[in-house]
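The next block holds one structure in the form of structure tokens; read it before the comments.
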Amino acid sequence: DDLESIFATEDGGCLLAGNSSSGISGDKTDTASRFGFDAWLVKLDKNGSIQWQKTIYSTNYNMKLYDLDGIPGGGFVMVSGAGLTKLDSTGNIIWVQPLQPGHGYISVKHTSDGGFIMADDGLAGVGLTKADMNGIPEWYQLCARVTLRSNDKAVQTSDGNYILYGLTVEEDYDGEDYYYSQYRHVVKKDALGEPVWQIEDYTPYDYNFTAGLAETNDGGVLFGTSFAANGPLNFNVEKINKNGVKLWQANVPDISNDLLAGIVRFAPNSYLLGGSTTGLNDDYQVYLVGITDTTGKNAIVSNSIASAKQAADFTIYPNPVKDKINIQSTANTTYTLKDGTGNTVTTQKINGNGSIDVSRLQPGIYYIINIRTGYSYKILKN
């Protein structure tokens, strides 16, 4: 079961979209089909409670969901092995537009004219497909001809044009061995799919994939890449202006395995990069890093908002909490309480069992972290 996309809804909740081959178990209430992966949608309210869920069954093994986007006025659109599917606000199918032969949609975004733009990883290579409001393709433009693996992304820019960010892998055979060459592509097309500019970079890394794309306030773009260069997995973010000129590159120190998962704009000139890192102690953690698109400087918001892999070394109750969170442990430990953006609310040393007063905090999501081990719990404050 894989989570592929999260979309924030207007009611303060969110829709989780992914793939599942599980039957009824855990929070899943629908049986699995016999054809492989099914698309599984779970709608959460603002408190994280499940409001509804839908399992969209496949008619063949290719019903794997790749991406989902919200539609202005309500509803969603998703791309999968079946093609382009429009859903209403409760996950019911409105229409399905099957894939044309030789095409494969990897990402989808709604466009200003009510239609949709898709990164298209087809047999011919990496391209863009523009569809109208009914999901019917209007045009297709091939951007890079050869690919063996891709994680392409496409967005509409504020000037009405489109940006594609993709990866292609070329395969060569000399009669004895296969050789692979990887290339990154950042392509801008106009409203009719005609080329504006294109950047192609050869990437000599062992492992490389696209990991984020966002338009900047000045009409340029940020794009992120995760890669391995004979060592740990790292990522970098690059800024390109509206004319396709590279302005700067920002990356993380080469000290651990750092995997970038996405870029989200949260202020006119600021962005959050979300991903994960094994850290120096080999503990798998979630991180958020804030950057500004004017300088590319990294400003760490939090590098251990949540962690996993280690066994729980303390327990808490109640959760949700209103006035006081109780902590039970066998060790004398210092705990940090952070809010949902990674800011430290309070730090308190507790000898074994104790409590932290949260009565004056605003309702929302918080995290309590054992500073010594990095283990954390998510807390809902009522």
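The values are calculated or read from the model by the stated rules, or taken from the named source; none is laboratory data. What you see is a predicted model; the values in this text were computed from it and never measured. Ideal geometry is used to build each Cβ from the backbone, glycine not excepted, and the neighbour counts take in all protein chains shown. We work out accessible area using only protein heavy atoms, side chains counted, and drop any ligands, DNA or RNA first. Shrake-Rupley method; radii C 1.70, N 1.55, O 1.52, S 1.80 Å.
If amide hydrogens are placed 1.01 Å from N in the peptide plane, which non-local residues have theirs closer than 5 Å to the one on TRP139?
Result for TRP139 returns LYS130.
Test of understanding: what is the full-extension gain from GLN198 to THR344, defined as 0.36 nm times their sequence separation minus their Cα-Cα distance?
48.3 nm
Label-point separation (nm) for ALA261 and ILE93, each offset 7 Å from Cα along Cα-to-Cβ?
That separation, rounded to one decimal, is 2.9 nm.
Amide H of SER89 versus every other amide H placed in the peptide plane: which residues, excluding those fewer than 5 positions away on the same chain, fall under 5 Å?
Here the answer is GLY75, since their amide H atoms fall under 5 Å of that of SER89.
Could you compute how much accessible surface VAL126 exposes when probed at 1.4 Å, giving the result in Å² to the nearest 10?
Its accessible surface works out to 0 Å², give or take rounding.
If you stretched the chain out fully between ASN332 and THR31, how much longer would it get, using 0.36 nm times the residue separation minus the C-alpha to C-alpha distance?
Extending this stretch completely gives an extra 103.7 nm.
If each of GLN100 and ASP357 carries a label point 7 Å out from its Cα toward its Cβ, how far apart are those two points in nm?
Calculated label separation equals 6.7 nm.
Non-local amide H neighbours of SER5 (under 5 Å, H modeled in plane, Pro and chain starts lacking H): which ones?
ALA17
In terms of solvent-accessible area of protein heavy atoms at a 1.4 angstrom probe, what is the ranking of GLU200, GLU4, GLU215, highest value first?
Ranked list, largest accessible area first: GLU200, GLU4, GLU215.
For every other residue with a beta carbon closer than 15 angstrom to the beta carbon of ILE316, add +1 if it is Lys or Arg and -1 if Asp or Glu, then tell me the sum.
Net of charged neighbours comes to +2.
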